[in-house]
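Engineer: Just passing along the structure, written as structure tokens.
The values are calculated or read from the model by the stated rules, or taken from the named source; none is laboratory data. Being a predicted model, the structure only gives us computed values, none of them experimental. Note: ideal-geometry Cβ built from the backbone for every residue, glycine included; neighbour counts use all protein chains shown. In case anyone asks, the SASA skips ligands and DNA or RNA and just uses the protein heavy atoms, side chains included. Shrake-Rupley method; radii C 1.70, N 1.55, O 1.52, S 1.80 Å.
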Amino acid sequence: MESATDLTVDELAARAGVTVRTIRFYSTRGLLPPPELGPRRVGRYGPDHLSRLALIEELQHQGLTLSAIERYLQQLPPDLSAQDLAIHRALVASWVPDKAEDATRDQLERRVGRELTEEDLDRLAAMSVLVRTEDPQVFRVDPGLLHLGTRLLDVPIALETILAARTVVIEHTRSAARELSRLFKDEVWGPHREGGPDAEEMARMKSLSAHMQPMVVQALVTAFQRSMKQELREWFGAEGAPGRREGVPEEPEE
């Protein structure tokens, strides 16, 4: 199995589900950063290229032209990590309805660049990356989560923990969605409680709701990131470092 940080252009194309010609075309347009040169000056690609290709694909699904995609990518900081690019893609994906693709096990393994065990499939299902169908060799796959979910397969976290984390996320996001929807209804629909909005006003409200969705998603992601950083600072801080026992002094730094 090839390393995700050391892909040839052919391997990158297989992982991203595009052609080598497409990758070279994107590179000439400046949409992809140049690869690192390995032995014999062979280009090697990594997770940032995969994440950027996924972001480009999502922007194309939105109907953006290549020129518009170029402008969008030029506005992003040049040192964004693969994780940051994945977040951008998730935000863009929130602008359109959910979609999934059917894939056989062989197609899925070619896409992720590795063999998948039954345990791997269980973990991907627990992360909502895929859903099993009546055919044990065919899956409904969320392409937006596939690469992220595959990377998490190698993280030493028990399946039970993944399921518990998923439950926490679903419960809290649903609660936030309900409260935000209530606020939106009170603000926008409030004036029309007695007679109700007419058709033109209803269309305007739906349009406003569609424009608000990506902004709300970005606000939630930003707030969550800041909260997680605060939790980690407290966890790894002087008072809450993992493994430190109360009353036991820390070892001095060398």
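Engineer: Quickly run through region 9-50 and pick out the residues that are part of a loop (DSSP other than H, G, I, E, B) and among the aliphatic types (A, V, I, L, M).
Structural biologist: VAL18, LEU31, LEU32, VAL42
Engineer: If we keep just the residues of region 47-80 that are of a type in the set (S, T, N, Q) and farther than 23 Å from SER128 by Cβ, which is modelled with the highest pLDDT?
Structural biologist: Result: SER67.
Engineer: Which members of region 113-137 meet the condition of being closer than 17 Å to GLY17 by Cβ and at pLDDT 85 or above?
Structural biologist: Selection gives LEU116, LEU124, VAL129, LEU130.
Engineer: Check off (1) open to solvent by 20 Å² or more (accessible area, probe 1.4 Å); (2) not in a loop (DSSP other than H, G, I, E, B) for ILE56 and give me the number that stays unchecked.
Structural biologist: So the condition that ILE56 fails would be (1).
Engineer: Given GLU179, GLU201, which one is modelled with pLDDT of 80 or more, assigned to a helix (DSSP H, G or I) and more than 30 Å from LEU121 (Cα to Cα)?
Structural biologist: GLU179
Engineer: What's the total number of residues in region 2-33 that are open to solvent by 80 Å² or more (accessible area, probe 1.4 Å) and either in contact with a helix residue (DSSP H, G or I) (Cβ under 7 Å, 6 or more places away or on another chain) or modelled with pLDDT under 85 (or both)?
Structural biologist: Number of matching residues: 3.
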